[in-house]
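Visitor: The structure under discussion is supplied below as C-alpha cells; questions concerning it will follow.
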Amino acid sequence: MKKFALVGRHLSHSYSPQIHKTIGEIYNLDLDYGLIDIEKDQLKEVIEKLKTGEYHGYNITMPYKMEVMQYLDVISDNAKRIGSINTVYYKDGLLHGDNTDYYGFKTMVESSKEAIENKNVYILGSGGAAKSAYVALLDLKANVTVVKLKNEVVDPMFKQVITYEELNKDLVDIYVNTTPVGMYPDLTHSVLDQSLVSGKIVYDVIYNPEVTQIMSYAKRAYGGTLMLFVQAFYSEQSYWQNKNIVFKEEYLEKLKASINE
C-alpha cells in the first residue's frame, strides 16, 4: 500500500481523503490517504519523508503552497508561472512539484461552455487560488482584472488590478470568486452586493456549499466542486505515472457521494 496525505493547517474539514480514496477505488489503486496538520518549522522534515518511501506523494494546501517550493528540486512550468505548489512527489531521486489547481480551474471553465476569449473577467481576491485562476484565464485568452482590498499589496504577476471601490459593473462580463467569503459556515455572505452581480456569470472556487450566496445572485453560476475533483485526479496522475488516470464526467456522482457521506 502506498501512503499519501494532505499537508497544511486546520485540515479537519477537508474532503481530500474521501476524494482520493474514491479515485483509488475507481482505478483499483492500493493507497492510503491521510491528513498531516503541521507547523511551518515541520514542513521540511515532512517533505523529506518522500525520499525514504514512507510517503509517496502529498497534496499541499494553505498556508504552505509557496513555502514548500524551496524544498523541491524540480518545479513544473505551470507552478513556476503561478508561484505556488499543491502537488509534491518523488521521482528519479528528485522532489517534484506541480500545481494541479490550474487544471482544475481550467476544466471548470471549459466544461461550462461559456465564451471566455476576449471577455472581461474580474477575479475577486488575490491569493493562491487567484493566481491559478489568473494564469488559466490568460491561457484561455480572457481579459483579466484582479480586484483587491484598498490597502492590500498584491503579487506583481497581476498586471491589471483595481480596488473594490473602483469596480464598475458595466465593464464586467464574468466574476471569479477566489475569496473565502460565502464558504461554510459563512453561508449568507457574499463578497459583492447583489446589485453588482445580477445579470453576470460567476465562477466560484468554493465547493462547500455547492451554491454560494454570490452564485445565487448571478445569471449563470458554476461552483468549485468540479475543480476540486479534477485537481485531485491530476495529482493522482502525478503519483501513479504508469497508469492513465483521467477524470471523466461519469465519475461525478460517485465522487459527490463520497464527500456527502
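The values are calculated or read from the model by the stated rules, or taken from the named source; none is laboratory data. None of the values given here were measured: they were computed from a predicted structure. When we count neighbours, we look across all protein chains shown, and the Cβ atoms used for this are built from the backbone with ideal geometry, even at glycine.
Visitor: Which number in (1) in contact (Cβ under 8 Å) with a residue 40 or more places away in the chain; (2) outside any helix (DSSP H, G or I) marks the one condition that Thr22 misses?
Guide: Condition not satisfied by Thr22: (2).
Visitor: Also, I was wondering about something else. Just the residues that are of a type in the set (Phe, Trp, Tyr) and surrounded by 18 or more Cβ atoms within 10 Å (Cβ to Cβ), please, taken from the range 23-43.
Guide: Once the filter is applied, which keeps residues that are of a type in the set (Phe, Trp, Tyr) and surrounded by 18 or more Cβ atoms within 10 Å (Cβ to Cβ), the range 23-43 yields only Tyr33.
Visitor: Additional query: Among the residues of the range 25-53, count how many are out of contact with any Lys or Arg (no Cβ under 7 Å at 6 or more places or on another chain) and in a loop (DSSP other than H, G, I, E, B).
Guide: 5
Visitor: Looking only at the range 207-261, which residues are part of a helix (DSSP H, G or I) and polar (S, T, N, Q)?
Guide: If the condition is that a residue be part of a helix (DSSP H, G or I) and polar (S, T, N, Q), then Gln213, Ser216, Thr225, Gln231, Ser235, Gln237, Ser238, Ser258 are the ones that fit.
Visitor: Continuing with the same structure: Taking only the range 109-142 into account, find how many residues are within 16 Å of Lys219 (Cα to Cα) and basic (Lys, Arg).
Guide: Of the residues in the range 109-142, 2 are within 16 Å of Lys219 (Cα to Cα) and basic (Lys, Arg).
Visitor: Another question about this same structure. Just wondering, is there one or more residues in the range 95-109 that are surrounded by fewer than 18 Cβ atoms within 10 Å (Cβ to Cβ) and either more than 12 Å from the chain's Cα centre (by Cα) or modelled with pLDDT of 95 or more (or both)?
Guide: No, every residue in the range 95-109 fails to be surrounded by fewer than 18 Cβ atoms within 10 Å (Cβ to Cβ) and either more than 12 Å from the chain's Cα centre (by Cα) or modelled with pLDDT of 95 or more (or both).
Visitor: Give the range 171-222 a look and list any residue that's surrounded by 19 or more Cβ atoms within 10 Å (Cβ to Cβ) and of a type in the set (D, E, K, R), or say none.
Guide: Passing the criteria: Lys200, Asp204.
Visitor: So, one more: Just give me the residues in the range 131-153 being surrounded by fewer than 22 Cβ atoms within 10 Å (Cβ to Cβ) and either at pLDDT below 95 or of a type in the set (D, E, K, R) (or both), in sequence order.
Guide: Asp139, Lys141, Lys148, Lys150, Asn151, Glu152, Val153
Visitor: Continuing with this model, one more query. Do you know which residues across the range 27-54 are touching a helix residue (DSSP H, G or I) at 6+ places or on another chain (Cβ under 6 Å) and either within 24 Å of Val246 (Cβ to Cβ) or without any contact (Cβ under 8 Å) to a residue 12 or more places away in the chain (or both)?
Guide: Scanning the range 27-54 gives Leu31, Tyr33.
Visitor: Every residue in the range 55-96 that is charged (D, E, K, R), in a helix (DSSP H, G or I) and either within 19 Å of Trp240 (Cβ to Cβ) or without any contact (Cβ under 8 Å) to a residue 40 or more places away in the chain (or both), please.
Guide: Scanning the range 55-96 gives Glu67, Asp77, Lys80.
Visitor: Then there's this: Restricting the search to the range 44-60, which residues are surrounded by fewer than 18 Cβ atoms within 10 Å (Cβ to Cβ) and of a type in the set (Ser, Thr, Tyr)?
Guide: Quick first cut of the range 44-60, residues surrounded by fewer than 18 Cβ atoms within 10 Å (Cβ to Cβ) only: 44-45, 48-49, 51-54.
If the condition is that a residue be surrounded by fewer than 18 Cβ atoms within 10 Å (Cβ to Cβ) and of a type in the set (Ser, Thr, Tyr), then Thr52 is the only one that fits.
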